[in-house]
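A.B. asks: Supplied in structure tokens, the structure appears directly below.
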Amino acid sequence: MINVLALFDFDGTITTRDTLWEVIRFQKGSMRLATGLLLLSPALIAYRLKLLSNTRAKQAVMSHFFRDISLDIFQKNCDRFAAEVLPSLIRPAALKEIKRHQDNGTRVLIVSASPENWLTTWCLQTGVECIATRLEVMDNRLTGKIRGKNCHGPEKLRRIKQVVNPMDYDDIYAYGDTRGDLPMLGIAHHSFYKPFR
């Protein structure tokens, strides 16, 4: 029997938009999102100019919007987002490809830089495994920091290898849409860049 593995990036590959901003809009409202983006613009510009790392930029965003929020409240809102909003952001062609792999007995992993808090619910419902960024929590409250490293770029590949041994698979498919997905795409026999647009 042939062992097949399929690795999917989430934001922009499976979804039509970056879900982090949509989660913020869902939990804080459009006005708070707009105001926050204005206040965060120096950090976001520095990130675009490659003066600030992906991890530092994400921590600035998470800290601004969610630092000190109760994990219970945050998770409850993330679960609501996954149920009420996320289905409308999923690309039908991506979901069809996931289902095709599942029907063929392929092991499917979603590998994302987005926090696992809203991905895990969707992944469980879809029947796929989830590897994603973890948020730091102290005294049941979000600190605004990432626990460990942001699941982006080389970290995606490191996290994948914690879960599976690529050498155990006869065929590997990978799907992504940014430079941060290139290390993951690099281990695949069949790699697809921006495949569902």
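Any read-out appearing in this document is the output of simple, stated calculations on the displayed coordinates, not a laboratory observation. Remember, predicted model here, so these are calculated numbers, not experimental data. Methodologically, a virtual Cβ is constructed for each residue, glycine included, from the backbone with ideal geometry; neighbour enumeration extends over all protein chains shown.
A.B. asks: Once you've got the Cα coordinates, tell me which of Lys99/Lys194; Lys58/Lys156; Lys28/Lys194 are over 22 Å apart.
C.D. replies: Among Lys99/Lys194; Lys58/Lys156; Lys28/Lys194, the Cα-Cα distance tops 22 Å for Lys28/Lys194.
A.B. asks: Work out, in µm²/s and without decimals, the Stokes-Einstein translational diffusion coefficient of the chain at 25 °C, 0.890 mPa s, Rh from Kirkwood over C-alpha pairs.
C.D. replies: 141
A.B. asks: What is the spin-label model distance, in nm, from Leu37 to Leu95 if the labels are put 7 Å beyond Cα along the C-beta direction?
C.D. replies: 2.6
A.B. asks: Taking only DSSP H segments of four or more residues, each worth -39500 (n - 2.57), what value at 222 nm results for the chain once the sum is divided by all its residues, to the nearest 500 deg cm²/dmol?
C.D. replies: -15000 deg cm²/dmol
A.B. asks: Does a label point 7 Å from the Cα of Lys194, set along Cα-to-beta-carbon, have any residues of the stretch 95-127 with amide nitrogen under 19 Å, and which are they?
C.D. replies: Residues 95 qualify, since their backbone N sits under 19 Å from the label point.
A.B. asks: Same structure again: What spacing in nm lies between the two simple spin-label points modelled at Trp21 and Ser88, each 7 Å away from Cα in the Cβ direction?
C.D. replies: Placing both labels 7 Å beyond Cα along the Cβ direction yields 1.7 nm.
A.B. asks: Placing +1 at every Lys and Arg Cβ and -1 at every Asp and Glu Cβ, with all other atoms neutral, what dipole size does the chain have around its Cα centre, in debye to the nearest 20?
C.D. replies: So the dipole magnitude of the chain works out to roughly 640 debye.
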